[in-house]
Structure formats: structure tokens, C-alpha cells
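In what follows, a single structure is set out as C-alpha cells and then discussed.
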Amino acid sequence: MNDCLFCKIAGKKIPSMIVRETDEWVAFRDINPQAPTHVLVVPRKHVATVNDLDPATAGMLVEAGKSIAREEGLAERGYRLVLNCNAEAGQTVFHVHLHLLGGRTMKWPPG
Ligand code: AMP
Ligand code: ZN
């Protein structure tokens, strides 16, 4: 997608703080972090929302999030993986992204 922010980040047309990348996905630090660790994992292929997400890609994003959580020292402390879908959930970028949040105690219910 020509006009998609996260396609541009994945294609390195826009700079970001990349944490790790593979042929299938890119993980980078959120520009407005909501926790000491706040990483976004995106598939390289453009998928707009969770409603359009296939099981293999969904599993891949979760596996990437788990692996980065471990690298960030969060696996035993705890962390949150979040997928916001559409307006009421607060999705603002319409290229699917898994939020990895950690490094502080989280509250429930979320805001
Ligand atoms: P969501 O509200 O779930 O769509 O999340 C979008 C996230 O993308 C927000 O947490 C933003 O802070 C983050 N974001 C927006 N622009 C950038 C950018 N250029 N680099 C990194 N993160 C970004
Ligand atoms: Zn995209």
C-alpha cells in the first residue's frame, strides 16, 4: 500500500527504531510509548485490521511478540500483547500491529 505509514516503516522509507525484523515481520519502538517497553510488530504484507487477519499471520505476530518480550527481560515479569481493531478499540493506523507493552504494572480493565 503506497499510502500506509507502517508499510513505509517496514520498507524503511520512513525511519523508525527497529528492534528486530525477518522476511515476514518488522518490530519497532512505538513513537509515543505507553510503557517502558512499547514495541509494535507488523507483518510486511499489508493487512488493514484484525478482521482481515489470517490465522498463520496472527500466530506469527504473537510468536514475534513473545520472543521480543523474552529479549526485553519481560517473560517472567509479565507483559501485555494488544491488537486494537477499528474505531471503538482506538485503532489509528490501519495496518495490523501487535502492541507489546511491559516494564510496569498494568491495570485492568484497560481504558
Ligand atoms: P493503534 O492506536 O493501535 O492503531 O496504534 C498505533 C500506534 O502507532 C500508536 O501507539 C502510535 O503511537 C504509533 N505510531 C504512530 N506513528 C508512529 C511512527 N512513525 N513510529 C512508531 N510508532 C508510531
Ligand atoms: Zn500497510
Exercise. What pairs come up if the first residue lies in the stretch 83-111 and is among the small types (G, A, S), the second is open to solvent by 50 Å² or more (accessible area, probe 1.4 Å) and part of a loop (DSSP other than H, G, I, E, B), and their beta carbons are under 6 Å apart, counting only those six or more places apart or on different chains?
Worked result: G103/P36
Seminar exercise, completed: Quick count over the stretch 35-50, residues being closer than 24 Å to G78 by Cβ and either loosely packed, with under 14 Cβ neighbours inside 10 Å or of a type in the set (V, I, T) (or both), is 6
Problem set entry | Residues located in the stretch 1-25, provided they are within 14 Å of ligand 1 (Cβ to nearest atom), open to solvent by 40 Å² or more (accessible area, probe 1.4 Å) and in contact with a His (Cβ under 9 Å, 6 or more places away or on another chain) | L5
Exercise. Filter the stretch 63-101 for residues that are within 16 Å of ligand 1 (Cβ to nearest atom) and surrounded by fewer than 14 Cβ atoms within 10 Å (Cβ to Cβ); which is nearest to L40 (Cα to Cα)?
Worked result: T92
Seminar exercise, completed: Listed by first then second residue, the pairs whose first member lies in the stretch 9-21 and is closer than 16 Å to V96 by Cβ, whose partner is open to solvent by 50 Å² or more (accessible area, probe 1.4 Å), with beta carbons under 6 Å and at least 6 positions apart or on separate chains, are A10/R44
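The values are calculated or read from the model by the stated rules, or taken from the named source; none is laboratory data. Because the structure is predicted, anything quoted here is derived from the model rather than measured. Positions of Cβ are backbone-derived with ideal geometry, glycine not excepted, and every protein chain shown enters the neighbour counts. What goes into the accessible areas is simple: the full protein's heavy atoms, side chains included, and nothing from ligands, DNA or RNA. Shrake-Rupley method; radii C 1.70, N 1.55, O 1.52, S 1.80 Å.
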